[in-house]
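Report on the structure given below.
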Amino acid sequence: MLVGVCDFPGSYAFPPAGYGGIERWLWAVAVGARAAGADVHLLGPGWLTDLEHDWVRKPVRLEDISTGSLAERELRDTGYDLLVVGHEYPSLPAWTRTWNELDCDVATFQHSPVFQHTATAFDGQRSRLYCYSPEMIERYADHRPIPELAVHLGLDEEEPPATAGTDLVWLGRIDEEKAPHIAVRAAQILGRRIRIVGPVFDEAYVRRHERLFSADHVKWIGELGGPAKTAAIAEASVFVYTYARPYVEAGAAVFGESLRAGTPMAALTWREGTCAHAALCDETGAVAVVDPREEDETAARRLADAIEQAESLDHQRVQAIGMQRFDPARHFQAMSARSC
């Protein structure tokens, strides 16, 4: 099988060193496809030039190709069996026009809870949309979504053998939607230290919760990538996951990142059927489902209970399950197969 993994215009490299969800997912698909025995071409100019030593890299984007051009003919003659692309592209006319000339499948993962597709973007066979959670399946039901857990990888983020860690860790973009202040308060309730890892996207949000974020039990790490990021997760006793009441998590990378590192998770959710429910089980974490009408303090206390539950789990068992559940080759094989 010949697979083309397509980049898109953006501010992050392919693959990114730290933050960058869709970019990390596309890299995981490329790695998984190769591990599963497929031939892989990295399509688009955004892929790191250093990859040319080990990968076939073609700096062409389908939406930039003119009808009847030499570039279109060369792309068609290459003989792709499958293209994997960011979720917006099967609804982009310029992209789909070229794709229709190639006679190959396309697969994508829904990384946004609000993007609206065209009615004809997916048929469930030649063009396939994958969604993480029951919540996301329901939101995109008109597009024949297929349930699948997304896998995300960065460069040089191979996981060491699992060990029992010490402090708590929270990782992600720091803003209102991700609500790390609730994780910080839960850690405070337990008398535990917590490390906050990630880029600040909303300075005003941080200022609103300054008393919590500046407390002695909080250590700000900043954005990490590569081995440092993996170590920050692997060396924690529990990964604490939060988000705001109205936010819908489409396909968070952190579930796979934490479980593959052997770190159990304590997740706060405001309803059933979320990504946390899809990704976790009793052997890998604890999920606190809180009525969204409750105050932050109540949510933090429920999350603190989940942290204590998760802390009793075996890190080696967590890693073994995580390596299977979030295996890039398994993920690619699931996405590359048409349903019967």
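Does residue 23 qualify as being within 20 Å of residue 149 (Cβ to Cβ), surrounded by 16 or more Cβ atoms within 10 Å (Cβ to Cβ) and among the acidic types (Asp, Glu)? Give the steps one after another, and end with the answer.
Working: within 20 Å of residue 149 (Cβ to Cβ): yes; surrounded by 16 or more Cβ atoms within 10 Å (Cβ to Cβ): yes; among the acidic types (Asp, Glu): yes.
Considered against the rule, which asks whether it is within 20 Å of residue 149 (Cβ to Cβ), surrounded by 16 or more Cβ atoms within 10 Å (Cβ to Cβ) and among the acidic types (Asp, Glu), residue 23 comes out as yes.
Looking at the stretch 220-246 only, could you name the residues that are closer than 18 Å to residue 304 by Cα and basic (Lys, Arg)? First the steps, then the outcome.
First pass over the stretch 220-246, keeping only residues closer than 18 Å to residue 304 by Cα: 236-245.
The one that is closer than 18 Å to residue 304 by Cα and basic (Lys, Arg): 245.
Within the stretch 212-313, which helices (runs of 4 or more DSSP H) (wholly inside it) include 2 or more residues that are more than 20 Å from the chain's Cα centre (by Cα), assigned by TED's automatic domain parsing to the domain that holds residue 173 and of a type in the set (A, V, I, L, M, F, W, C)? Let's see the steps before the verdict.
Working: elements: 226-234, 254-260, 275-279, 296-311.
By residue number, 296-311.
Once the stretch 102-141 is narrowed to residues that are surrounded by 16 or more Cβ atoms within 10 Å (Cβ to Cβ) and over 24 Å from the mean Cα position of the chain (by Cα), the residue that is nearest to residue 29 (Cα to Cα) is 104.
Failed condition for residue 325, given (1) surrounded by fewer than 17 Cβ atoms within 10 Å (Cβ to Cβ); (2) closer than 18 Å to residue 257 by Cβ, with all others met? Only one criterion in (1) surrounded by fewer than 17 Cβ atoms within 10 Å (Cβ to Cβ); (2) closer than 18 Å to residue 257 by Cβ is unmet by residue 325, namely (1).
Got a sec? Which of 237, 258, 339, 312 is at pLDDT below 95 and among the polar types (S, T, N, Q)? Lay out the reasoning, then the answer.
Values: 237 fails: at pLDDT below 95; 258 fails: at pLDDT below 95; 312 fails: at pLDDT below 95.
Answer to the check: 339.
From the list 258, 237, which one is over 19 Å from residue 325 (Cα atoms) and in contact with a helix residue (DSSP H, G or I) (Cβ under 7 Å, 6 or more places away or on another chain)? First the steps, then the outcome.
Details: 258 fails: over 19 Å from residue 325 (Cα atoms).
Exactly one residue qualifies, and that residue is 237.
Yes/no matrix, rows are residues, columns are (1) surrounded by 14 or more Cβ atoms within 10 Å (Cβ to Cβ); (2) within 30 Å of residue 124 (Cβ to Cβ):
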residue	(1), (2)
147	no, yes
150	yes, yes
203	no, no
214	no, no
226	yes, no
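Across the stretch 106-153, the number of residues qualifying as assigned to a strand (DSSP E or B) and out of contact with any Asp or Glu (no Cβ under 9 Å at 6 or more places or on another chain) comes to 5.
Scanning the stretch 29-66 for residues that are among the aromatic types (Phe, Trp, Tyr) and either in contact with a Lys or Arg (Cβ under 8 Å, 6 or more places away or on another chain) or closer than 22 Å to residue 96 by Cβ (or both) returns a single hit, 47.
Taking the conditions exactly as written (without any contact (Cβ under 8 Å) to a residue 12 or more places away in the chain and closer than 20 Å to residue 109 by Cα), does residue 324 satisfy them or not?
yes
Residues are listed down the side, and each one gets a yes or a no for (1) under 14 Å from residue 257 (Cα atoms); (2) in contact (Cβ under 8 Å) with a residue 40 or more places away in the chain; (3) assigned by TED's automatic domain parsing to the domain that holds residue 16; (4) not acidic (Asp, Glu):
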{"site": "133", "(1), (2), (3), (4)": "no, yes, yes, yes"}
{"site": "162", "(1), (2), (3), (4)": "yes, yes, no, yes"}
{"site": "175", "(1), (2), (3), (4)": "no, no, no, no"}
{"site": "179", "(1), (2), (3), (4)": "no, yes, no, yes"}
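Where strands (runs of 3 or more DSSP E) fall wholly inside the stretch 17-96, the ranges with 2 or more residues that are out of contact with any Leu (no Cβ under 6 Å at 6 or more places or on another chain) and not assigned by TED's automatic domain parsing to the domain that holds residue 197 are 39-43, 82-84.
The values are calculated or read from the model by the stated rules, or taken from the named source; none is laboratory data. Just so it is clear, the model here is predicted, and its values are computed rather than measured. Cβ sites come from the backbone with ideal geometry, for glycine too, and all protein chains shown count toward neighbours.
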